[in-house]
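Please read the structure below before turning to the comments.
The values are calculated or read from the model by the stated rules, or taken from the named source; none is laboratory data. Given the structure is predicted, the values throughout are model-derived calculations rather than measurements. As a convention, Cβ positions derive from the backbone with ideal geometry for all residues, glycine included, and neighbour counts pool all protein chains shown. We work out accessible area using only protein heavy atoms, side chains counted, and drop any ligands, DNA or RNA first. Shrake-Rupley method; radii C 1.70, N 1.55, O 1.52, S 1.80 Å.
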Amino acid sequence: MNFQVRKREPELMDQPGLSEREHGSALNGLRRVNWWSRSSAILWPSIQKLSHTVEQRPLRILDIASGGGDVALNLAQRAQRAGIAVEVDGCDISPYAVKHASDLAARMQLEQVQFYERDILQEPVDRQYDVVMCSLFLHHLDEAQSVQLFNIMSKTTRHLVLVNDLRRSRVGYWLAWAGCRLLTRSPIVHTDGPLSVAGAFTMEEAADLARQGGLSGFQMSRHWPQRWLLEWSRT
């Protein structure tokens, strides 16, 4: 496979007709993958740093394409342990994912986290947040949609935009292939994990899309395993 070129193929998770059993199994599998790859840990330092510089409380956070909700919920737990008041909203296009995430929030007794259904590219949110973030969503989009997403995120945040995604690379591909099989029995995750890496952007490509979306002065950093984080601050 040529990793110099993005190879974007439809992922099983995005297909209509997915049963609730299959969808639930895949979301649970992705939760384990996110835990292993420390998705929330990549985002948390920037949020914690912001919390020390703004007086407004609680800190309002939006997680776009929140999926099964585990990243948003883990961030809320980290804030709780740190004594930082937060309100976290997660939005997703999938009604089942929203229900799954809401049920998980109830079991974890995290009332400060709410989930709702929304196609962010068709219906941008009508309120402002201190932090607008997305995790492992950008690689699902084409270039024009990615530019649109960056623009929407910049207009929706008061302070901070955080985008965490996969790096397209041979190492990342085989890590995804092996890790998804070790961490979950879901055949959907087994298939979609490597496809996600093949369809992901390089850091240089993502940076160019962010600039087209109106962001400038952002910072990008590499993270284990084969991830990158884009951070943009309004101030």
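Dipole magnitude for the range 3-99: about 400 debye, using +1 per Lys or Arg Cβ and -1 per Asp or Glu Cβ, origin at the Cα centre. Largest accessible area first, the listed residues THR235, THR202 line up as THR235, THR202 when surface is computed with a 1.4 Å probe on the assembled protein chains.
Taking each DSSP H run with n ≥ 4 as -39500 (n - 2.57) and averaging over every residue of the chain yields -14500 deg cm²/dmol at 222 nm. Put simply, the Cα atoms of the range 48-159 extend 39, 32, 23 Å along their principal axes, the longest span coming first. Here ARG127 sits with roughly 120 square angstrom of accessible surface, probe radius 1.4 Å.
For the chain, modelled as a GNM whose springs connect Cα atoms under 10 angstrom apart, the maximal fluctuation among VAL171, VAL113, VAL33 occurs at VAL171. Ordered from highest to lowest accessible area with the whole protein assembly present and a 1.4 Å probe, PHE3, PHE150 read as PHE3, PHE150.
Ranked by the mean number of other Cβ atoms within 10 Å per residue, highest first, peptides 61-68, 105-112 order as 61-68, 105-112.
Along the range 152-161 the Karplus relation, 6.51 cos²θ - 1.76 cosθ + 1.60 evaluated at θ = phi - 60°, assigns HN-Hα couplings of 4, 4, 5, 7, 8, 9, 7, 10, 9, 10 Hz to successive residues, with x for each Gly and Pro.
Based on protein heavy atoms only, the chain ends up with 49 Å² per residue of surface accessible to a 1.4 Å probe.
Sequence-distant contacts, meaning Cα pairs under 8 Å at least 6 residues apart, place the relative contact order of the range 1-160 at 21 percent. Round to a whole angstrom and tell me the spacing of the C-alpha centers of the range 192-235 and the range 106-154. For the range 192-235 versus the range 106-154, the Cα centre distance is 15 Å.
Computed with a 1.4 Å probe on the full set of protein chains, the accessible area for LYS49 sits at about 140 Å². When the solvent-accessible area of the chain is split by element, carbon and sulfur atoms take up 50 percent of it, the probe being 1.4 Å.
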